[in-house]
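Student: Handing you this structure, nothing more for now.
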């Protein structure tokens, strides 16, 4: 008996009727999916020990190997078993602990804090603080923050408004600087649908 194929994972029918139960859990988690050297934002809808179902703008083909990242420390790899419209069902290479995957570690004792998945994209961001607006070249970006090279120095801890064309403006704070790169954390996550479209259009 092939135990890999016998493991429960979200089926295509689960996407149609949104059934819930012990086999899988209905969730809504924004993540990053990677295959064939390309990454994009995805939304995980169902998760079980054996697999998951996610939605994205450009779903992978059946039998494609993919990686899904919920946070920098939470990655799952598997094979696409079905694909429909903008959704796909993935069977994991090995079972995962669902509770652990969904838990957000916030302990101050952690040496490296887990963070939202980062996307390497090129673009310009406007940073509005106490003085004149500052423009920055984006280095990488997540739904919760970004790093950029501002054309003028910024003060650490300074409250700013980040404006990203096509996504909107959000309150943020300068958290760190390293050389000419500044790290900025948003006060609240970006709207994921607008961010998803921005990522799809932005050059890598």
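Student: Just to verify a number: FRET efficiency for residue 126 and residue 193, C-beta to C-beta distance, R0 = 30 Å, to 0.05?
Tutor: On the way: r = 21 Å, r/R0 = 0.70.
The pair residue 126/residue 193 has a calculated efficiency of 0.90.
Student: So, R0 is 25 Å and r is the distance between the beta-carbons of residue 137 and residue 61; what FRET efficiency does that work out to, to 0.05? The partial results should precede the final answer.
Tutor: Working: r = 34 Å, r/R0 = 1.38.
Calculated value: 0.15.
Student: Further, regarding this structure: Take the alpha carbon gyration tensor of segment 103-204, find the square roots of its eigenvalues, order them as a ≥ b ≥ c, and report rounded if a/c is under 1.5; if not, report prolate when a/b exceeds b/c, else oblate. Write down the numbers at each step before the final one.
Tutor: Values: a/c = 1.56, a/b = 1.09, b/c = 1.43.
Since a/c reaches 1.5 but b/c is at least a/b, the shape of segment 103-204 is classed as oblate.
Student: Multiplying the sequence separation of residue 85 and residue 115 by 0.36 nm and subtracting their Cα-Cα distance, what value in nm do you get?
Tutor: Gain in length upon complete extension: 7.8 nm.
Student: First measure r as the distance between the Cβ atoms of residue 27 and residue 169, then evaluate 1/(1 + (r/R0)^6) with R0 = 35 Å and state the FRET efficiency to the nearest 0.05.
Tutor: The pair residue 27/residue 169 has a calculated efficiency of 0.75.
Student: Also, I was wondering about something else. Determine the distance separating the Cα centre of segment 172-201 from the Cα centre of segment 48-100; give it in Å without decimals.
Tutor: 25
Student: Arranged by the count of other C-beta atoms within 10 angstrom, fewest first, what order do 24, 58 take? Please list the in-between numbers first.
Tutor: Numbers: 24 23, 58 9.
Listed from fewest to most nearby Cβ atoms, that is 58, 24.
Every read-out reported here was derived from the displayed coordinates using simple, explicitly stated rules and does not represent laboratory data. Only a predicted model underlies this, so the values are computations on that prediction, with no experimental measurement involved. Every residue, glycine as well, gets a Cβ built from its backbone with ideal geometry; the counts of neighbours run over all protein chains shown.
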